[in-house]
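Have a look at the structure below before the remarks.
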Amino acid sequence: MNVQIEETWKQRLQGEFVQPYFERLTETVRQEYADGTCYPPGSLIFNAFNLCPFDKVKVVIIGQDPYHEPGQAHGLSFSVQDGVPFPPSLQNIFKEISADLGTTLPTSGNLTRWAKQGVLLLNATLTVRAHQANSHALLGWQTFTDAAIRALSRERVHIVYMLWGGFARGKSYMIDKSQNLVLESVHPSPLSANRGGWFGQHQFSRCNAYLKENGLQPISW
């Protein structure tokens with residue numbers, strides 16, 4: 001499967017790799033990929049970490065698990081590969097950015113451009129079986145990704161955590177709110193966003209204002 005993780009993350013998470021749960025997780029995921037179609041491609045399972053080294057993280061956006069239809073997932077939460085139609089949640093994210101910052105809507109849903117600026121697009125569960133949402137949710141990935149969040153909160157300051165929806169907001173207890181900015185809202189999916197609490201929150205301008213206040217380059221959303 002050619003699964004590699006970026007060196008600074010490998011150093012922070014090396015204690016997880018030797019745990020029994022991670023050995024079971026690795027074995028199960030390899031078998032799942034061998035038995036049928038899973039997403040993202042094996043080489044992109046740790047894409048979020050590989051594109052955004054530990055010391056470069058400025059923003060964390062937590063998703064639940066990867067998109068589960070062909071051609072979509074490539075290891076970054078909410079992101080789809082070039083040429084793929086925008087899923088509804090991503091459409092709403094882009095609409096809010098446009099309204100908040102006065103920018104034009106992008107033509108690509110590939111958020112690699114964010115990751116390279118320091119946005120950790122982290123799914124709590126890093127793999128999924130084709131056509132079956134949350135099919136890998138109980139394999140142990142969340143223990144691993146929670147460890148990544150804890151490491152950031154322990155060692156880094158002035159990070160903006162964007163927690164969208166009840167699932168992501170459930171991670172807030174791990175974050176040191178005295179030294180970081182936590183922005184919580186409903187999920188950008190149409191079901192939640194259309195009830196109110198997503199549009200008009202100005203999260204992206206608030207994020208950039210906080211980064212600038214702390215001497216950091218804002219994100220070009």
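Convert 25 °C to kelvin, take the viscosity as 0.890 mPa s, use the Kirkwood radius over C-alpha pairs of the range 29-90 as Rh, and evaluate the Stokes-Einstein diffusion coefficient in µm²/s, rounded to a whole number.
192 µm²/s
If you restrict to DSSP beta bridges whose two residues both lie in the chain, what percentage is antiparallel, to the nearest 5? It would help to have the intermediate numbers written out before the result.
Numbers: 3 of 16 bridges.
For the chain, the DSSP antiparallel bridge percentage is about 20.
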Apply the Debye scattering formula to the range 3-42, with a single equal point scatterer on each alpha-carbon and no solvent, then give log10 I(q)/I(0) at q = 0.16, 0.22, 0.30, 0.32 Å⁻¹. -0.49, -0.81, -1.00, -1.03
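How big is the equivalent ellipsoid of the chain along its three axes, where each semi-axis is √(5λ) from the Cα gyration tensor, reported in whole Å from largest to smallest?
Values: eigenvalues 140, 90, 47 Å².
In descending order, the three semi-axes are 26, 21, 15 Å.
Please compute the per residue accessible area over the range 4-110 with all protein chains in place, 1.4 Å probe, rounded to a whole number of Å². Don't jump to the answer; show the numbers that get you there.
Values: 4970 Å² over 107 residues.
On a per-residue basis, 46 Å².
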To the nearest 0.05, the calculated FRET efficiency linking Arg195 and Asn134 through their beta-carbon distance, R0 being 25 Å, is 0.70
Along the positive direction of the dipole of the chain (beta-carbon charges: Lys, Arg +1; Asp, Glu -1; about the Cα centre), which of Val29, Gln201, Met162 reaches farthest? Gln201
Residue by residue through the range 172-185, what is 3J(HN,Hα) from phi via Karplus (6.51 cos²θ - 1.76 cosθ + 1.60, θ = phi - 60°)? Round to whole Hz and write x for glycine and proline. 5, 5, 7, 9, 6, 6, 6, 10, 9, 10, 10, 10, 10, 7
Quick one: of Lys10/Lys177; Lys171/Lys212; Lys10/Lys56, which pairs are farther than 23 Å apart, Cα to Cα? Lys10/Lys177; Lys171/Lys212
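I need the peptides 66-76, 102-112, 148-158, 88-98 ranked by packing, meaning the mean over residues of other C-beta atoms within 10 angstrom, with the highest value on top.
Values: 66-76: 20.7, 102-112: 14.1, 148-158: 15.9, 88-98: 18.6.
In decreasing order of mean packing, 66-76, 102-112, 148-158, 88-98 become 66-76, 88-98, 148-158, 102-112.
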For Leu216 and Asp55, extending 7 Å from Cα along the Cα-Cβ vector and measuring point to point gives, in nm, a value of 1.6 nm
Residue-count net charge about Ser220 - beta-carbon cut-off 14 Å; Lys, Arg +1, Asp, Glu -1: +3
Histogram of C-alpha separations across the range 171-221, 5 Å bin width, %: 4, 19, 20, 21, 20, 12, 4, 0
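Could you check how much of the accessible area of the chain is carbon and sulfur, as a whole percent, using a 1.4 Å probe? Kindly include the intermediate steps, with their values, before the conclusion.
Numbers: 4930 of 10010 Å².
C and S fraction of accessible area: 49 percent.
What number do you get for the range 108-171 when its Cα radius of gyration is normalised by 2.2 N^0.38 Å, N = residues?
Working: Rg = 13.3 Å, N = 64, 2.2 N^0.38 = 10.7 Å.
In units of the globular-protein estimate, the range 108-171 measures up at 1.24.
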The range 134-221 - charge dipole about Cα centre, Lys and Arg +1 at Cβ, Asp and Glu -1, debye rounded to 20: 80 debye
Residues whose built amide H sits under 5 Å from the amide H of Gly63, excluding neighbours closer than 5 in sequence, are Leu122, Asn123, Ala124
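Return the ratio Rg/(2.2 N^0.38 Å) for the range 14-128, where Rg is computed over Cα atoms only. Walk me through the numbers on the way to the answer.
Details: Rg = 15.3 Å, N = 115, 2.2 N^0.38 = 13.4 Å.
Scaled against compact globular proteins, the figure is 1.15.
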Value of relative contact order over the chain, rounded to a whole percent, pairs C-alpha under 8 Å and six or more apart: 22 percent
Which of the peptides 197-206, 211-220 is most tightly packed, and how do the rest follow, going by the mean number of other Cβ atoms within 10 Å of each residue? 197-206, 211-220
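The values are calculated or read from the model by the stated rules, or taken from the named source; none is laboratory data. Please read all numbers here as calculations on a predicted model, not as lab measurements. As a convention, Cβ positions derive from the backbone with ideal geometry for all residues, glycine included, and neighbour counts pool all protein chains shown. Quick note on the areas: whole protein, heavy atoms, side chains included, nothing else; ligands and nucleic acids left out. Shrake-Rupley method; radii C 1.70, N 1.55, O 1.52, S 1.80 Å.
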